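Presented below is the structure to which this report refers.
The values are calculated or read from the model by the stated rules, or taken from the named source; none is laboratory data. Treat the numbers as computed from the prediction; the structure is a model and nothing was measured. Cβ sites come from the backbone with ideal geometry, for glycine too, and all protein chains shown count toward neighbours.
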Amino acid sequence: MSYKIERNTVQETLIIPLYAQKMCSELYLSLYRDETARRLVSAVDYDFSTLEQKSRSLMQRFGFLEVAMRQNDLAYEVRDYLKTHPTAAVVNLGCGLDSTGRTCDSGSCRIYNLDFPDVIAVRNELLPAGEREENIPCDLNDPSWFENIDASGGAVFFAAGVFYYFLKEQVKELVEAMADAFPGGVLVFDAANAKAVKLMLKTWLKDAEIKDVGAYFAVSDAKSEIGAWDSRLRVSSRGYMLGYNDLKGPSVSGFFRFLARVGDGMMNMQIVKIKFRGKQ
């Protein structure tokens, strides 16, 4: 029996990134594969005609490539941490229906998927927690969720497309609180400069009647800007589109590689990595 997705509901907001990951798997198979996204899209009762029509545009297909590279980059950093901390907590912040934690499973880590209660309710229906995995309903800005994370073997946190919707002060407070609670842990997430964030959030900001765009989290030089928040933060960053992959595979056109350079350059699209100083 398929799971029905109603229009203008939280369920629908989860379908859009899921559909993007499914399209990434079809268009850029040599770069990205997400069988869970493909399975879930097939399992839901939803009218995909609008998304299918939009997916034919050139810029939308580049958007799918952006999603693929972001997920690959974050997964790379999670796996890199697990090489030296195989029993660590792997924590997906703002998980939606993403299965990155599972794809990075070391066989002995613990996987935690965090999101708002109404999102986790949908996830529990479509993607119930597996072995060594928990789906935790919470507000990321309320640090009480820290108590649910067993970080005795280390902890690696990742957030995909999440912090753009946070105020700068909210991100700063969360990062500082995590540095207190999880010394030796790592946080990785995607970010971009203010110009890029304004473009990405254009429709959402208008609907929410938000005028102070500058209050939202954006970063150009992660090392200097975020590093200045707290001496315990060891910050580095790499290009979002080309920092981990040269995109020279047969599925990526020269024009898309050009747009990737623009994204990493003019828009400062990047994967930010923060190590919390402490025991290793």
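The rows are residues; the columns are (1) closer than 16 Å to Leu31 by Cβ; (2) touching a residue at least 12 places away in the same chain (Cβ under 8 Å); (3) touching a strand residue (DSSP E or B) at 6+ places or on another chain (Cβ under 9 Å).
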site: Ala218; (1), (2), (3): no, yes, yes
site: Ile226; (1), (2), (3): no, yes, yes
site: Leu233; (1), (2), (3): no, yes, yes
site: Ser236; (1), (2), (3): no, yes, yes
site: Pro250; (1), (2), (3): yes, yes, no
site: Val262; (1), (2), (3): no, no, no
site: Met267; (1), (2), (3): no, yes, no
site: Gly278; (1), (2), (3): no, yes, no
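When Arg123, Arg110, Arg33 are checked against the criterion of being out of contact with any Ser or Thr (no Cβ under 8 Å at 6 or more places or on another chain) and not small (Gly, Ala, Ser), a single residue qualifies: Arg123.
Considering every residue within segment 19-42, establish whether at least one is among the β-branched types (Val, Ile, Thr), surrounded by fewer than 18 Cβ atoms within 10 Å (Cβ to Cβ) and not in a loop (DSSP other than H, G, I, E, B). Within segment 19-42, none of the residues are among the β-branched types (Val, Ile, Thr), surrounded by fewer than 18 Cβ atoms within 10 Å (Cβ to Cβ) and not in a loop (DSSP other than H, G, I, E, B). Based on this model, can you work out whether Val188 counts as under 17 Å from the mean Cα position of the chain (by Cα) and part of a helix (DSSP H, G or I)? No.
Within segment 48-146, which helices (runs of 4 or more DSSP H) (wholly inside it) include 2 or more residues that are under 30 Å from Ser253 (Cβ atoms)?
Of the helices (runs of 4 or more DSSP H) lying wholly inside segment 48-146, those with at least 2 residues that are under 30 Å from Ser253 (Cβ atoms) span 49-54, 58-84, 100-103.
In summary, Asp80 fulfils each of the numbered conditions (1) touching a residue at least 12 places away in the same chain (Cβ under 8 Å); (2) under 21 Å from Leu31 (Cα atoms) with the single exception of condition (1).
Can you tell me which residue is nearest to the chain's Cα centre (by Cα) among those in segment 232-280 that are hydroxyl-bearing (Ser, Thr, Tyr) and farther than 24 Å from Leu187 by Cβ? Applying the filter and picking the extreme gives Ser251. For Ser224, are the conditions met, namely being among the small types (Gly, Ala, Ser), assigned to a helix (DSSP H, G or I) and modelled with pLDDT of 95 or more? Spelling it out, Ser224 is indeed among the small types (Gly, Ala, Ser), assigned to a helix (DSSP H, G or I) and modelled with pLDDT of 95 or more.
The residues of segment 34-89 that are among the basic types (Lys, Arg) and under 26 Å from Gly184 (Cα atoms), listed by number, are Arg70, Arg79, Lys83. The residue list Phe189, Phe182, Phe158 contains one member that is surrounded by 17 or more Cβ atoms within 10 Å (Cβ to Cβ) and either modelled with pLDDT under 95 or out of contact with any helix residue (DSSP H, G or I) (no Cβ under 6 Å at 6 or more places or on another chain) (or both), which is Phe182.
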